[in-house]
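Asks: Just passing along the structure, written as structure tokens.
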Amino acid sequence: MRFDIITLFPELFGPFVEVGVTRRAYSSGQVAVQCWNPRDYAPGNYRRVDDRPFGGGPGMVMMAQPLADCLAAIREARAEAQPAPLVLFSPIGERIDHAQVQRWSDSQGAILLCGRYEGVDQRFIDRHVDVQLSLGDFVLSGGEIAAMALLDAVARLQPGVLHDEGSHQFDSFNPALDGLLDCPHYTRPEVWDGEPVPAALLSGHHANIERWRREQSLRNTAIHRPELLDQARSRKQLSRKDEQLLASADLVNLAKPL
């Protein structure tokens, strides 16, 4: 798959694609990333890409024409029979979740527009943007961090990127966990600062371990993201045993850092 990124700061992506476990996705070409700077398509000596907003007010707005010319160059380079969607990271966008990431992971990629300043000229958005996405209800200085978040989430789902082929299948929000939160995790030593690892994890009994993990996943979700339980119920993914545990759990005592 291929992601073309429209950004005024392409240098931010160099280190990003070269470090961490997900670098395998980029170095192998499973996820191809190419940055495009709209300044390269702006006229004049100053390569201006922004101007003051009509109607007054603070800040600057990204101009439509440099973005349109940059987009045209990307479309020509991609030469696709089916044009890739243009994604803008924006506060009004749909919030990115696991299902959204999975869909992008199964796609051929996209063109990602990283806005800056007060935003992008609405006329460009109306004419060219296909999808708007958001990380959450807060504002960043630009779309680059959001683009990196999407790329990272997509890259780690590609075959062979993680050390363990199936490790991502038991991440929080994954269908293998019925969309619930993951359970707590422990490693050596068995006792740290007087606190032991839960006995179930040391039992060597696979069924007991899986039961403990399911119980902890349910409790974690009930405490921190109860709406995910409602969603799982609506999909009929909670068993009778799951419901019995949730009904008997002392969530007040469980509500402590894990």
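Asks: Need the failing condition index for residue 126 against (1) open to solvent by less than 40 Å² (accessible area, probe 1.4 Å); (2) closer than 27 Å to residue 40 by Cβ, just the number.
Replies: Every condition holds for residue 126 apart from (1).
Asks: Something else about it: Only one of these is in a helix (DSSP H, G or I) and farther than 22 Å from residue 98 by Cα: 227, 215, 210. Name it.
Replies: None of the other options fit; the residue is 210.
Asks: Keeping to segment 70-90, report how many residues are closer than 14 Å to residue 113 by Cβ and either modelled with pLDDT under 95 or open to solvent by less than 60 Å² (accessible area, probe 1.4 Å) (or both).
Replies: Summing the residues that are closer than 14 Å to residue 113 by Cβ and either modelled with pLDDT under 95 or open to solvent by less than 60 Å² (accessible area, probe 1.4 Å) (or both) in segment 70-90 gives 12.
Yes/no per residue for (1) hydroxyl-bearing (Ser, Thr, Tyr); (2) closer than 25 Å to residue 11 by Cβ; (3) free of Cβ contacts under 8 Å to residues at least 40 places away in the same chain; (4) not in a loop (DSSP other than H, G, I, E, B):
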{"site": "68", "(1), (2), (3), (4)": "no, yes, no, yes"}
{"site": "72", "(1), (2), (3), (4)": "no, yes, yes, yes"}
{"site": "77", "(1), (2), (3), (4)": "no, yes, no, yes"}
{"site": "80", "(1), (2), (3), (4)": "no, no, yes, no"}
{"site": "83", "(1), (2), (3), (4)": "no, no, yes, no"}
{"site": "107", "(1), (2), (3), (4)": "yes, no, no, no"}
{"site": "110", "(1), (2), (3), (4)": "no, yes, no, yes"}
{"site": "118", "(1), (2), (3), (4)": "no, yes, no, no"}
{"site": "145", "(1), (2), (3), (4)": "no, yes, yes, yes"}
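Asks: Read through the list (1) in contact (Cβ under 8 Å) with a residue 12 or more places away in the chain; (2) out of contact with any Gly (no Cβ under 7 Å at 6 or more places or on another chain); (3) open to solvent by 10 Å² or more (accessible area, probe 1.4 Å); (4) not aromatic (Phe, Trp, Tyr), then give the number of the only condition that residue 155 fails.
Replies: Tallying (1) in contact (Cβ under 8 Å) with a residue 12 or more places away in the chain; (2) out of contact with any Gly (no Cβ under 7 Å at 6 or more places or on another chain); (3) open to solvent by 10 Å² or more (accessible area, probe 1.4 Å); (4) not aromatic (Phe, Trp, Tyr), residue 155 fails exactly one: (3).
Asks: Check 150, 180 and return the single one that is buried (at least 16 other Cβ atoms within 10 Å of the Cβ), within 26 Å of the chain's Cα centre (by Cα) and assigned to a helix (DSSP H, G or I).
Replies: Being buried (at least 16 other Cβ atoms within 10 Å of the Cβ), within 26 Å of the chain's Cα centre (by Cα) and assigned to a helix (DSSP H, G or I) holds for just one of 150, 180, which is 150.
The values are calculated or read from the model by the stated rules, or taken from the named source; none is laboratory data. If you're wondering where the values come from, they're calculated on a predicted model, not measured in any experiment. Every residue, glycine among them, receives a Cβ derived from its backbone with ideal geometry; neighbour counts consider all protein chains shown. Please note that ligands, DNA and RNA were not included when accessible areas were found on the heavy atoms of the full protein model with its side chains. Shrake-Rupley method; radii C 1.70, N 1.55, O 1.52, S 1.80 Å.
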